[in-house]
Structure formats: C-alpha cells, structure tokens
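The values are calculated or read from the model by the stated rules, or taken from the named source; none is laboratory data. Fair warning: this is a prediction, and the values are worked out from it, not measured in the lab. No Cβ is skipped: glycine too gets one built from the backbone with ideal geometry, and neighbour counts run over all protein chains shown. Side chains are part of the model used for accessible areas, which takes the heavy atoms of the whole protein and leaves out ligands, DNA and RNA. Shrake-Rupley method; radii C 1.70, N 1.55, O 1.52, S 1.80 Å.
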Amino acid sequence: MESLPQSSVTSLHGGPPLAGEPTPAASRNVALVRQALEAFTERDIQKLLKLVHPSMELFAPGTASITREGRSYRGYAGIFTYFKDIGRVWLEMEIVPQELLDAPGAVVVFGRLRARAYGGFLIDEPAQWVVRILDGKITWASACESREAALELAATDQ
C-alpha cells in the first residue's frame, strides 16, 4: 500500500521553528501520528498497538454513535473493538491527512474522511483530529466537528 502523502507541518506554539525546520520533539510527534495514520489505513492493528499507550482513549463519534451509543474506545481492547466496529459499519474508510500542526504534547490533523457504508452511503468531507502524545506514545485521540474546535481542543490542557 502507498504511504501517506507528505502533508504540511507547522507549529501552534510560537510560530514555525527557525528556517522552517520542525523541532526534534515536533518531528517525533508528527512522525508518530503519520505512522499511526498509515497503520490505520493499512488496518495493521499490531503496528498501531506499538504506537499507542495501553490506556489510550479514542473518540470516534461517527462510528461509535452507530455501534456503541457514542462511547469512546479505551485501551488495547478498545482499539480491537474500534477496528471490528469499522468493519461492521464501513465497507471502506480512509483518512487523508493534508496538514499536521504541532502543538504542545499533541498533533492536530486536518484532512478528509472518505468512507462508504454498507448499503452505499458515501462520505467525502473535511475532517480534523487532535492526537495527544506522552513519552512517545499516543495517549488520546479525538475527531472534532470543525477546524476551530480542533484548534481550541489542542490548546487546552488534558
């Protein structure tokens, strides 16, 4: 499978680094999120589990509202359940990252969500996510309703 397209990377704290180079921590966080998105696209659960903290929490309201009354997915078991739920609801689902923003302890992803549900329902819309990172592991991730909501969420301490 093709790797994800190179998206632009910018900084939410203090503007872009000198000479346009991301800081080492930002580079690591952005690289981690890219790897997680690639694992998601490839449906490689084992690769994804290596990137997330054992108590990771995922808010994926689109799928969760259909399969689990909107509740979040927690821990490794939650990741397995999320992939199972995706398979139950979506014939195809693709996250297309277009811009990744470095924020303190987080990465904000702006892109598109493309999906086709069983029965033919199609989605192709702008989408945004906030991904929190601690000690090189993803600890928390959430889809957001708008670009503004994602930026606001990324600016809050979690």
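With respect to the conditions (1) surrounded by 14 or more Cβ atoms within 10 Å (Cβ to Cβ); (2) more than 19 Å from Gln35 (Cβ to Cβ), Tyr118 falls short on a single one, namely (1).
Return the residue satisfying two criteria in turn: it lies in region 81-95 and is in a helix (DSSP H, G or I) and β-branched (Val, Ile, Thr), and of such residues it is most open to solvent (accessible area, probe 1.4 Å). First the steps, then the outcome.
Start the filter on region 81-95 by keeping residues that are in a helix (DSSP H, G or I), which leaves 81-89.
So of that shortlist, the ones also β-branched (Val, Ile, Thr) come out as 81, 86, 89.
Numbers: Thr81: 49, Ile86: 7, Val89: 20 Å².
If we take residues in region 81-95 being in a helix (DSSP H, G or I) and β-branched (Val, Ile, Thr), then Thr81 is most open to solvent (accessible area, probe 1.4 Å).
Restricting the search to region 63-80, which residues are in a helix (DSSP H, G or I) and surrounded by 15 or more Cβ atoms within 10 Å (Cβ to Cβ)? Within region 63-80, Thr63, Ala64, Thr67, Gly75, Tyr76, Gly78, Ile79 meet the criteria. Among the residues of region 55-114, the ones that are farther than 19 Å from Thr156 by Cβ, of a type in the set (Ser, Thr, Tyr) and modelled with pLDDT of 90 or more come to 5 in all. Here Gln98 meets each of (1) assigned to a helix (DSSP H, G or I); (2) in contact (Cβ under 8 Å) with a residue 24 or more places away in the chain; (3) more than 17 Å from Ala60 (Cβ to Cβ) with one exception, condition (1).
Collect the residues in region 99-114 that are closer than 10 Å to Pro126 by Cα and within 12 Å of the chain's Cα centre (by Cα), keeping them in residue-number order.
The initial filter retains those residues of region 99-114 that are closer than 10 Å to Pro126 by Cα, namely 110-114.
Of everything in region 99-114, those that are closer than 10 Å to Pro126 by Cα and within 12 Å of the chain's Cα centre (by Cα) turn out to be Phe110, Gly111, Arg112, Leu113.
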